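Report on one structure; see the data block that follows.
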Amino acid sequence: MKGYAMLRIGETGWIEKERPACGPNDAIIKPLAISPCTSDVHTVWEGALGERHNMILGHEGCGVVDEVGSNVKDFKVGDRIMVAAITPDWDSIAAQAGYPMHSGGMLGGWKFSNFKDGVFGEYFHVNDADGNLAFLPDNISPAEACMLSDMVPTGFHGVELADVQFGDVVLVIGIGPVGLMSVAAANLRGASRIIGVGTRPNCIEVAKKYGATDIISYKEGDIADQALELTNGEGVDKVIVAGGGVETFETAVRAVKPGGTIGNVNYLGDGDFVTVPRVEWGVGMGHKTITGGLMPGGRNRLQKLGSLVSSGRLDVSLMLTHKFDGFDHIEEALFLMKDKPRDLIKPVVTL
Ligand code: NDP
Ligand code: ZN
């Protein structure tokens, strides 16, 4: 089969590979749509996972079941399915402990385009099919379903990590597609005010549609200073970090109130340390919680998040700015994600 792969750090191209083998608990999927992610860019051009050779890229997609293993109970050939970017081993100790995303070691639930070939192939493999697939509702298009693989669950997890409550004032640092989904999730959770941080006009417009009440530009001064000014010096209740570098932690700690929580879903690509400002952290006693995590994945979560889209409570189509038709456009879509033209939010390829 044909696939679009990372050949080595900094280099991508089309390759031929064997169709993946289906174990007893697994499924083989023929994709209906795929979407490249900022994480694919980190993987290839920043070597975020270390060296990988001829590994098919991609972890955002949906498709049709082409084969199932003998132990798979709920899915059969021909079913249209969604699948999350993170596909844990649900019988692992880590999953039983409540951290399925770390089954098989830290971040071990992230298998696609990490430990095995990803979804940018004519077929892809899903482990633990009953636990990791979900039926694709008829009124969700394949392109929209791709947003349920990663952008929705990751952005929403940021809001879970930050523990957003009714009436909270929330700062969302970064309003690319992940941050936009944090804005939407904070709004669904009943935030009273949502301050988004970003500069791309398209993202700002869509952030306002998802519920952002204020926008800050990180290019026009310190984020924390601007957030403090907007809140009469009080600070915000919760911060979600979905963009920027390691320096965002310093900003987030300064911007959040005592008792507040910072939830990070951003990939921290540079530097050896994250710095926490001593005084603004209450000299160690400020009750400012810092947390960060990979989204959990799994069928239950996919079904629930999918129901928000199928019921019309969440419109993910606002993020789909660049649409392509046909397998051959995968390369173009990935390079768009790398070059990030200012009108881009998310590219998607329907197959
Ligand atoms: P984008 O690059 O599309 O968006 C990044 C956002 O951060 C933009 O709004 C950008 O603003 C803003 N930004 C850039 N620099 C700064 C800065 N110095 N200070 C504050 N904001 C800044 O990324 P995505 O939304 O696609 O992804 C966000 C992050 O989430 C990535 O690092 C990605 O790897 C990670 N991720 C994590 C996952 C997880 O499971 N934890 C899963 C998927 C992604 P501007 O408008 O100027 O561009
Ligand atoms: Zn992704």
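Where does the chain land at 222 nm, in deg cm²/dmol rounded to the nearest 500, when only DSSP H runs of n ≥ 4 count, each adding -39500 (n - 2.57), divided by all residues?
Numbers: 11 runs with 94 residues, N = 351.
So the calculated ellipticity at 222 nm is -7500 deg cm²/dmol.
Calculate the all-directions average of the projected area of the stretch 1-101's alpha-carbon convex hull, and give it in nm². Please list the in-between numbers first.
Details: hull surface 29.8 nm².
Spelled out: convex hull of the Cα atoms, projected over all directions, averaged, 7.4 nm².
Evaluate the distance, in nm, between pseudo-label points positioned 7 Å from the Cα of K73 and of D343 along their respective Cα→Cβ axes.
5.0 nm
List the pairs from K111/K323; K219/K323; K111/K304; K219/K340; K17/K304 whose alpha-carbon separation is above 24 Å, in the order I gave them. Before the final figure, lay out the partial values.
On the way: K111/K323 26 Å; K219/K323 29 Å; K111/K304 22 Å; K219/K340 17 Å; K17/K304 35 Å.
From the list (K111/K323; K219/K323; K111/K304; K219/K340; K17/K304), the Cα-Cα distance tops 24 Å for K111/K323; K219/K323; K17/K304.
Taking the Cα centre of the chain as origin and charging only Cβ (+1 Lys, Arg; -1 Asp, Glu), how large is the dipole, in debye to the nearest 20? List each step's numbers first, then the result.
Numbers: 31 positive and 44 negative charges, 108 e Å.
So the magnitude is around 520 debye.
Using only Cα atoms, locate the centre of the stretch 9-67 and the centre of the stretch 206-248, then give the distance between them in Å, rounded to an integer.
34 Å
Assign unit charges at the C-beta atoms only (+1 for Lys and Arg, -1 for Asp and Glu), then state the dipole size of the stretch 155-292 relative to its Cα centre in Debye, rounded to the nearest 20. Walk me through the numbers before you get to the answer.
Details: 11 positive and 16 negative charges, 70 e Å.
Roughly 340 debye for the stretch 155-292.
Can you tell me the alpha carbon radius of gyration of the stretch 155-292 divided by the globular rule-of-thumb value 2.2 N^0.38 Å?
Working: Rg = 13.3 Å, N = 138, 2.2 N^0.38 = 14.3 Å.
Here the Cα radius of gyration is 0.93 times the empirical estimate.
With 10 Å bins from zero, work out the P(r) of the chain over every alpha carbon pair and list the percent per bin.
Binned Cα distances yield the sequence 6, 26, 34, 24, 9, 2, 0.
Tell me, what ³J(HN,Hα) does each residue in the stretch 244-257 have, in order and in whole Hz, if you take phi through Karplus 6.51 cos²θ - 1.76 cosθ + 1.60 with θ = phi - 60° and put x for Gly and Pro?
Working through the residues one at a time gives x, x, 4, 5, 5, 5, 4, 4, 5, 5, 5, 7, 8, 6 Hz.
Over the stretch 153-245, what is the relative contact order in percent, taking alpha-carbon pairs closer than 8 angstrom and at least six residues apart?
Worked out over the stretch 153-245, it gives 36 percent.
From Cα pairs below 8 angstrom and at least 6 apart in sequence, can you work out the relative contact order of the chain, rounded to a whole percent? Don't jump to the answer; show the numbers that get you there.
On the way: 869 pairs, mean separation 63.4, N = 351.
The normalised contact order for the chain reaches 18 percent.
Quick one: among S35, S182, S307, which has the greatest mean-square fluctuation in a GNM of the chain with alpha-carbon springs under 10 angstrom?
S307
Could you tally the net charge around K30, taking each other residue with its Cβ under 9 Å from the Cβ of K30, Lys/Arg +1 and Asp/Glu -1?
Working: positive: none; negative: D66, E122.
That sum, taken over residues with Cβ under 9 Å, equals -2.
Between 0 and 90 degrees, rounded to the nearest ten: what's the tilt of helix 330-339 against the longest Cα principal axis of the chain?
With rounding to tens, the tilt is 20 degrees.
Full extension from M1 to D225: what is 0.36 nm times the residue separation minus their Cα-Cα distance, to one decimal in nm?
Residue separation times 0.36 nm, minus the Cα-Cα distance, leaves 75.3 nm.
Work from the charge dipole of the stretch 4-76 (Cβ charges, +1 for Lys and Arg, -1 for Asp and Glu, about the Cα centre) and give the residue of I56, C22, S39 farthest towards its positive end.
Final value for the positive-end residue is C22.
For the stretch 261-319, what D do you get in µm² per second when you plug the Kirkwood radius from alpha-carbon pairs into Stokes-Einstein at 10 °C and 1.306 mPa s?
The Stokes-Einstein estimate is 105 µm²/s.
Values in this text are rule-based calculations from the coordinates and carry no lab data. All of these numbers come straight from a predicted model, not from anything done at the bench. A quick note on method: Cβ atoms are made from the backbone with ideal geometry, for glycine too, and the neighbour counts reach across all protein chains shown.
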